[in-house]
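Novice: What follows is a single structure, and I will ask about it in a moment.
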Amino acid sequence: GRFTINKVQLHKHPSFPMVQRIHLSEPLRSMDLLGSMDVMCTVKGGGFNGQAGAIRLGLARALDNFYPHLHTKLAQAGLLTRDSRRVERKKPGRPKARKGFQWVKR
């Protein structure tokens, strides 16, 4: 099975970190399907971690669609749960979401 991300094979993708490579193949590994199918996906935006998480969720959902009997195993492994973290909005009177301006004594 080959992993192709944005028309580039994963083993030829030098900038994709090893931790994220393991992370995105987790649905196939946990269901003992690694090497049995080719994966082609397109991802935009975010960093390597976010893209790997998006691929992992998409792959788990695709497996759930094609193999409904794997649903309970995928759910128990936590592979069907979306990462709900978002960028916090910038608040008025502050330079960033939580950062404050430098305090001046005088």
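Novice: Only Lys, Arg, Asp and Glu count, each charged at its Cβ (+1, +1, -1, -1), so figure out the dipole size of the chain about its Cα centre, rounded to 20 debye.
Specialist: Details: 21 positive and 6 negative charges, 255 e Å.
That gives the chain a dipole magnitude of about 1220 debye.
Novice: Next up: Counting Lys and Arg as +1 and Asp and Glu as -1, what is the net charge of the other residues whose Cβ lies under 10 Å from the Cβ of Leu57? Could you put the intermediate results ahead of the total?
Specialist: Values: positive: Arg56, Arg61, Arg82; negative: Asp83.
Here the charged neighbours net out to +2.
Novice: Using a 1.4 Å probe on the protein heavy atoms, what percent of the accessible area of the stretch 5-100 belongs to carbon and sulfur?
Specialist: Working: 3780 of 6850 Å².
Within the stretch 5-100, the accessible surface is 55 percent carbon and sulfur.
Novice: Out of Gly78, Gly50, Gly93, any idea which swings most in a Gaussian network model of the chain, alpha carbons joined below 10 Å?
Specialist: Gly93
Novice: Ile22: net charge of surrounding residues, Cβ under 11 Å, Lys/Arg +1, Asp/Glu -1, itself excluded? List each step's numbers first, then the result.
Specialist: Working: positive: Arg21, Arg29, Arg56; negative: Glu26.
In short, +2.
Novice: Putting +1 on Lys and Arg Cβ atoms and -1 on Asp and Glu Cβ atoms, find which of Val19, Leu79, Gln102 reaches farthest to the positive end of the dipole of the chain.
Specialist: Checked the options; the winner is Gln102.
Novice: Which listed residue (Thr4, Gly93, Gly46) has the Cα farthest towards the positive end of the charge dipole for the chain, taking +1 on Lys and Arg C-beta and -1 on Asp and Glu C-beta about the Cα centre?
Specialist: Farthest towards the positive pole: Gly93.
Novice: I would also like to ask the following. Among 82-91, 7-16, how do they line up by average Cβ neighbours within 10 Å per residue, starting with the highest?
Specialist: Numbers: 82-91: 8.4, 7-16: 11.1.
Result, highest mean first: 7-16, 82-91.
Novice: Do you know the relative contact order of the chain, to the nearest whole percent, from alpha carbon pairs under 8 angstrom that are 6+ apart? Working shown, then result.
Specialist: On the way: 93 pairs, mean separation 24.4, N = 106.
Worked out over the chain, it gives 23 percent.
Novice: In square angstrom, what is the accessible area per residue of the chain with a 1.4 angstrom probe? The partial results should precede the final answer.
Specialist: Working: 8100 Å² over 106 residues.
Roughly 76 Å² per residue, with all protein chains present.
Novice: From the square roots a ≥ b ≥ c of the eigenvalues of the alpha-carbon gyration tensor of the chain, which class results: rounded (a/c under 1.5), prolate (a/b over b/c), or oblate?
Specialist: prolate
Novice: Moving to a separate point now. Give the angle, between 0 and 90 degrees and rounded to the nearest 10, that separates the Cα long axis of helix 48-66 from the longest principal axis of the Cα atoms of the chain.
Specialist: 40
The values are calculated or read from the model by the stated rules, or taken from the named source; none is laboratory data. All values derive from a computational prediction rather than experimental measurement. Here the Cβ is made from the backbone with ideal geometry for all residues, glycine too, and neighbour counts use every protein chain on show. In case anyone asks, the SASA skips ligands and DNA or RNA and just uses the protein heavy atoms, side chains included. Shrake-Rupley method; radii C 1.70, N 1.55, O 1.52, S 1.80 Å.
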